[in-house]
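Everything on this sheet refers to the single structure shown next.
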Amino acid sequence: MSLKKNIVILGAGYGGILTAKKIAKKLKKNEDVTITLIDKNAYHTMLTELHEVAAGRVPEESIRIDLEKVFYGRPVKIVLDEITDIDFDSKSLKGSKTSYAYDYLVLGTGSKPTFYGCEGAQEHSLTLWSYEDALKIKYHILEAFEKASVAKTPEMRAHLLTFVVIGCGFTGIEMIGELAEWTDELCFNFNIPKEEVKLYVLDLLPKVLPMFDDKLIKKTEKRLEKMGVEVLTSSTITEVKENAVCIKGKECIPTYTTIWAAGIEGSDILQHVDGEDIKKQARHRVECDQYLRSVDHEEVFVVGDNVFFIPEGEERPVPQMVENAEHSAKLVSHNIAATVKGEALKSYQPVFHGAMVCIGGRYGVAQVGTPKKEFVFSGFIAMLIKHMINMVYFFEVLGFNKVWTYMMHEFFHVKNRRSFFGGHFSKRSPNFWLVPLRLFVGAKWFLEGIVKMGKIASDPSYIFLLPSKVDVSGATEVVEEVVETVKLAADAGFMDKVLHYSAVFSEWGGALPVPEFVTNIVDWSMDLVFYQPTGEFTALASVFQTTMVVGEILIGLALIGGLFTMLASAASVVMGAMIWVSGTAPAEMLWYMAAGVALIAGSGSTFGLDYYVLPFLKKRWMKLKFVQKWYLFT
Ligand SMILES: Cc1cc2nc3c(=O)[nH]c(=O)nc-3n(C[C@H](O)[C@H](O)[C@H](O)COP(=O)(O)OP(=O)(O)OC[C@H]3O[C@@H](n4cnc5c(N)ncnc54)[C@H](O)[C@@H]3O)c2cc1C
């Protein structure tokens, strides 16, 4: 029998995945433990983005993160199994395949929708709490539109085009907002007038997002109404039928689609385990002590939605939200490592920083800060906060890879302008239009470099890319003139400035102006590296000059051949900027830089070597161990 301590984490959700990563890091040198992460799925689901898949904004695979990828090269064993029972006395989990013994168990099994005993709700509504749920909703909505487009009677068509979301909390509002946004595209694709689509969001409570400030509530309601959603608060649902939702004191709403987003309770496995074996509270959450251990079992730790704990000085238990999953994962990983090492445990004292809700991809509301000082935001800023926070989480889980793909899905590849940046970053055009520009810029750099290389070859000691300090008479005049120009221009109006600059620069040979503070910094650093106290050049000056010239030739060749064009174009911009700050850039350097920006995003991927070389290199790159371990692939 193995003497190693088995740490088993049940559930690879927000809490479980971070706990496993953090424990693996803390105990990486400890050979006396094994870490096992068990989940019924081979992937982690980004639940907070489910509505985006359900309403066709982002691709389906974008909300799944493969567990093998996350834990590559880390001492965590991934087990794909559904746990059906837990024996807390013998410390074992019963799965559908086999049983798993544990010395320390982390419960992170999350939640599931609850129906509060509402008649017909479970049977006749769709839920939004898993990847499969999101797909089901998406295809159901598509089917409703498709059927409506060929419906034989107006009643049938109206029934198919009525959508009801029950629940005005985060999930319900995000779902209806996203659906409202999607209907524009669906109506266009299925040739259905927008007025025919009826969208409802209902709740028993008198207002939407009741945890938010009244200002945000009003803004949310206003936004939803603008999007064509009828908000029915103070509406008690009496029954969900196969083809209708019934509200107390009102007529039933006939509908083909009911989405239930009205509340949650503990996962199936927590419902299954006996309250005698492990103490539960508030719809199957595990009652925890201050160290986030079950109050009945010291070796059972709890993370995420499963935690029932009321922090000192608070009246309510910690919220079932991602931030709680993150904080609890941090604490539990510390406490398990501390238990293994015989060190002191830490208490759970979480501080929460608010919440953000998207109403479609273009608008959101957020209430953030600390319990003492909260700020409310709506629109662009709220969406920016939401995306930033998501990216921080994704970076923790799957590093650069996930942040990159998230940005692609949310900003750069988004369709129908469904992003808070609109479609500005996602407008796509074929790369072959850029081929002439790429060849032209490449040729310019190449010829520049060749001419300069000729000068170096004829006299290697001649430094012409850096100003000489030995005879400064001409240069001083130029510098004085630029300083005078900047001063004059600062006093003039904008157009006057432009005219003034262009007059002086054409007189001065067209060099671009450089702000004085930049010149000062450049002068200081150049003095340090390239000049001796006597004003003579150091040896580094000639190395620098040769490197710059070789760089120009290489950039030119790379652009002409379409090889590594992303790097070459970035180098074109950087080189242009360097020449500019040195105060020797002619006005044409501006278009070198502008063209560099235009060419940066894959201009070599058509009619260039990148088309062949990059896929080949990418395959090899992705196989490198450090690349997989540090998620440096895309
Ligand atoms: C549509 C939607 C939008 C949301 N939006 C927000 C938001 O904007 N902000 C926010 O803070 N929160 C939001 N939430 C809530 C947030 O997603 C949860 O608080 C969070 O996922 C809880 O993390 P967790 O680790 O406890 O559980 P989960 O992330 O739910 O993970 C539980 C894991 O356990 C696994 N599992 C469960 N039972 C078993 C079993 N018997 N055997 C094996 N594996 C099992 C599941 O497969 C799953 O991987 C949203 C939720 C949804 C559904």
What does the charge dipole of region 53-147 about its Cα centre add up to, to the nearest 20 debye, if the Cβ of each Lys and Arg holds +1 and the Cβ of each Asp and Glu holds -1?
320
Using the heavy atoms of the protein chains and a 1.4 angstrom probe, tell me the accessible area per residue for the chain in square angstrom.
50
Label region 188-263 by shape, choosing from rounded, prolate and oblate, from the square roots a ≥ b ≥ c of the eigenvalues of the Cα gyration tensor; if a/c is under 1.5 it is rounded, and otherwise prolate applies when a/b is larger than b/c, oblate when it is not.
oblate
Amide H within-cut-off set for V245, under 5 Å, with H built and near neighbours excluded:
I253, T255
Among T36, P210, G13, flag the residue with its Cα farthest along the positive direction of the charge dipole of the chain, charges on Cβ as +1 for Lys/Arg and -1 for Asp/Glu.
T36
What distance in nm lies between label points placed 7 Å from Cα along the C-beta direction at E31 and K194?
6.7
Can you work out the FRET efficiency for the pair L142 and I450, with r the C-beta to C-beta distance and R0 = 51 Å, to the nearest 0.05?
0.30
Nearest-20 debye value, region 133-180 charge dipole, Cβ charges on Lys, Arg, Asp, Glu:
200
Can you give me the % of accessible surface on region 276-325 that is carbon or sulfur? Probe 1.4 Å, all protein chains present, nothing else counted.
38
What's the extension gain from F375 to V522 if we count 0.36 nm per residue and subtract their Cα-Cα distance?
48.8 nm
Honestly region 363-414 on the Cα gyration tensor test (a ≥ b ≥ c root eigenvalues; a/c under 1.5 rounded, otherwise a/b vs b/c for prolate or oblate) is just oblate
Most packed first (mean Cβ within 10 Å per residue), the peptides 358-369, 603-614 order as 358-369, 603-614
If you take every DSSP beta bridge fully contained in the chain, what fraction is antiparallel? Give it as a percent rounded to 5.
50
Using r as the Cβ-Cβ distance of W621 and L567, and R0 as 25 Å, what FRET efficiency do you calculate, to the nearest 0.05?
0.95
Length released on extending from F633 to K341, taking residue separation times 0.36 nm less the Cα-Cα span:
101.6 nm
If you take the square roots of the eigenvalues of the alpha-carbon gyration tensor of the chain and sort them as a ≥ b ≥ c, do you get rounded (a/c under 1.5), prolate (a/b over b/c) or oblate?
prolate
Estimated FRET transfer efficiency when R0 is 35 angstrom, pair K248-K279 (beta carbons, to 0.05)
0.45
Exceeding the 29 Å Cα-Cα cut-off - candidates K91/K402; K138/K207; K386/K618; K136/K194; K40/K91:
K91/K402; K386/K618
Could you name the aspartates and glutamates whose alpha carbon sits less than 19 Å from that of K219, not counting residues in the same chain fewer than 8 places away?
E174, E178, E181, D203, E230, E374
Rounded to a whole %, the carbon-and-sulfur portion of the accessible area of region 553-608 at a 1.4 Å probe is 88
To test your reading of the geometry: what angle, between 0 and 90 degrees and rounded to tens, separates the Cα axis of helix 516-530 from the longest principal axis of the chain?
70
At 222 nm, what helix-only mean residue ellipticity would the chain give, in deg cm²/dmol to the nearest 500, using -39500 (n - 2.57) for each DSSP H run of four or more?
-14500 deg cm²/dmol
Name the residue from V53, Q532, A382 whose Cα lies farthest towards the positive end of the charge dipole of the chain, charges +1 on Cβ of Lys and Arg and -1 on Cβ of Asp and Glu.
V53
Please list M589, M211 in order of solvent-accessible area, largest first, computed with a 1.4 Å probe with all protein chains present.
M211, M589
Could you tell me what percent of the DSSP beta bridges with both partners in region 129-247 are antiparallel, to the nearest 5?
30
What ranking do 512-522, 283-293, 76-86 get when scored by the average of other Cβ atoms within 10 Å per residue, highest first?
283-293, 76-86, 512-522
Toy charge model, Lys and Arg Cβ at +1, Asp and Glu Cβ at -1: the chain dipole around Cα centroid in debye, rounded to 20, equals 1100
Highest average packing first - 145-158, 615-628, 574-587, 5-18, Cβ atoms within 10 Å:
5-18, 574-587, 145-158, 615-628
Contour excess over end-to-end distance, with Cα ends at E536 and E82 and 0.36 nm allotted per residue
155.9 nm
DSSP beta bridge pairing in region 33-142, given as percent antiparallel to the nearest 5
70
For the chain, which cysteines have no disulfide-compatible partner, meaning no other cysteine Cβ under 4.7 Å?
C118, C168, C187, C288, C358
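The values are calculated or read from the model by the stated rules, or taken from the named source; none is laboratory data. Please read these numbers as outputs of a predicted model, since none were measured by experiment. We place every Cβ from the backbone using ideal geometry, glycine too, and count neighbours over all the protein chains shown. Keep in mind that these areas ignore ligands, DNA and RNA; they rest on the heavy atoms of the full protein, side chains included. Shrake-Rupley method; radii C 1.70, N 1.55, O 1.52, S 1.80 Å.
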